[in-house]
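The values are calculated or read from the model by the stated rules, or taken from the named source; none is laboratory data. Just so we're clear, the structure is a prediction, and the values are computed from it rather than from any experiment. Ideal geometry is used to build each Cβ from the backbone, glycine not excepted, and the neighbour counts take in all protein chains shown. Just the protein is used for accessible areas: all its heavy atoms, side chains included, with ligands, DNA and RNA removed. Shrake-Rupley method; radii C 1.70, N 1.55, O 1.52, S 1.80 Å.
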Amino acid sequence: MGSYLTVEQHQPTAELIAHNAAGILDYNYLGNYTNYDAAVCTILKQKPDLVFYNIDGPDFTIDTLLGDLNQFGANDVKLIALSDSNEKAIQALNNDFLYYLLKPAKELDILKALLKFKHRKEADSQLFRQNCICLKSYKDYHYLNTSEIIYLKADNNTTDFHLNDGRVITAFKTLKTFEDLLPTHFIRSHKSYIINSLFVSKISFGKLTCYFNCISTALPFSNTYLKSIKNLNAKLFQNALPSVC
């Protein structure tokens, strides 16, 4: 399930946003925040899909917010600006804010903002098909067959796709973006890795390492994702021929 939060001093505005979002998005509401530090801490920890942000604070700058999000891996968060005036509208929209709401926010305008976000998410999800992923960068479209992908590796705010022919394709999105969009045989095994379980040839619980049947690279898995690896091992064992000891 996705999530969102609001950063707004005016509580009735935050409540109106949450009320309308409940009817459109099947998302978890992480609450309303009234100061920068608390809001950004939650964004960096929870990585919500959407944030409604009042950009009128005296100490607030768009550059500071975007700098913190980009530096610490939350650059996939969609932002909708809230403001008492149109003075910062151009700056917000030029810095990839999805929408700009002029306060006092009307219910119709909030609905338009939510629907624009929903349609954007639906359009993004159409790039991911069961057997093919389209990686878009500027005006380039790169199509990958999921059967070619051995594993994905996080590299700061980008993700490297390692393919079975030795190629490495870089996508300018975080690893979290792909976690719920890839087919179910792709498993998060580590904070830095998603593996294609169809290529796994050996699991070492002693070394916390996975091995693959077409490359010499061995990848670690962490205790955080140990349950997923144990479930994978159980499925592989169940489908294998009887073991010989």
Subject >> Förster radius 41 Å - calculated FRET efficiency between residue 38 and residue 143 (Cβ-Cβ, nearest 0.05) >> reply: 0.50
Original post:
How much net charge surrounds residue 26 when only other residues with a Cβ under 14 Å from its Cβ are counted (Lys, Arg +1; Asp, Glu -1)?
Top reply: -1
Subject >> Residues with amide H under 5 Å from that of residue 103, placed H, sequence gap 5 or more >> reply: 83, 84, 85
Subject >> Global form of the stretch 1-121, assessed from the alpha-carbon gyration tensor, a/c cut-off 1.5 >> reply: rounded
Original post:
Using +1 on the beta carbon of Lys and Arg, -1 on that of Asp and Glu, and nothing else charged, what's the dipole of the stretch 1-61 about the Cα centre, debye to 20?
Top reply: 180
**OP:** Specify whether the C-alpha gyration tensor of the stretch 157-229 places it in the rounded, prolate or oblate class, a ≥ b ≥ c being the square roots of the eigenvalues: rounded for a/c under 1.5, otherwise prolate if a/b is larger than b/c and oblate if not.
**Re:** oblate
**OP:** Hey, can you grab everything whose amide H is under 5 Å from the amide H of residue 60? Only 5+ residues off in sequence or another chain; H modelled, so Pro and N-termini drop out.
**Re:** none
Subject >> Most to least accessible of 132, 214 (protein chains only, probe 1.4 Å) >> reply: 214, 132
Original post:
With point charges of +1 on the Cβ of Lys and Arg and -1 on the Cβ of Asp and Glu, referenced to the Cα centre of the stretch 161-218, which listed residue (215, 183, 203) lies farthest in the positive direction of the dipole?
Top reply: 203
Original post:
Which value, in debye to the nearest 20, gives the size of the charge dipole of the chain about its Cα centre, when Lys and Arg are +1 and Asp and Glu are -1 at the Cβ?
Top reply: 1100
Subject >> Probe 1.4 Å - accessible area at residue 200, Å² to nearest ten >> reply: 20
Original post:
Taking amide hydrogens as modeled 1.01 Å from N in the peptide plane, which residues meet the under 5 Å criterion relative to residue 136, leaving out close sequence neighbours?
Top reply: 142
Original post:
Between residue 223 and residue 63, what is the spin-label point distance in nm, taking each point 7 Å from the Cα along the Cα→C-beta axis?
Top reply: 4.3
Original post:
Size of the dipole of the stretch 1-114 about the Cα centre, Lys and Arg at +1 and Asp and Glu at -1 on the beta carbon, nothing else charged, in debye to 20?
Top reply: 200
**OP:** Might you tell me the accessible area per residue for the stretch 105-245, computed with a 1.4 Å probe and given in Å²?
**Re:** 62
Original post:
When DSSP beta bridges are limited to those with both residues in the chain, what percentage is antiparallel, rounded to the nearest 5?
Top reply: 65
Subject >> Shape of the chain, Cα gyration tensor, a/c cut at 1.5 >> reply: prolate
Subject >> Sparse-neighbourhood loop sites, chymotrypsin sites (Phe, Trp or Tyr not before Pro) in the stretch 144-245 - DSSP loop, at most 16 other Cβ within 10 angstrom >> reply: 172, 205
**OP:** Report the calculated FRET efficiency for residue 241 and residue 122 (r = Cβ-Cβ distance, R0 = 35 Å), to the nearest 0.05.
**Re:** 0.20
Original post:
Given a Förster distance of 30 angstrom, what is the FRET efficiency for residue 22 paired with residue 172, based on the Cβ-Cβ distance and rounded to 0.05?
Top reply: 0.40
**OP:** For n ≥ 4 DSSP H runs only, could you compute -39500 (n - 2.57) per run for the chain, divide by its residues and tell me the 222 nm figure to the nearest 500?
**Re:** -10000 deg cm²/dmol
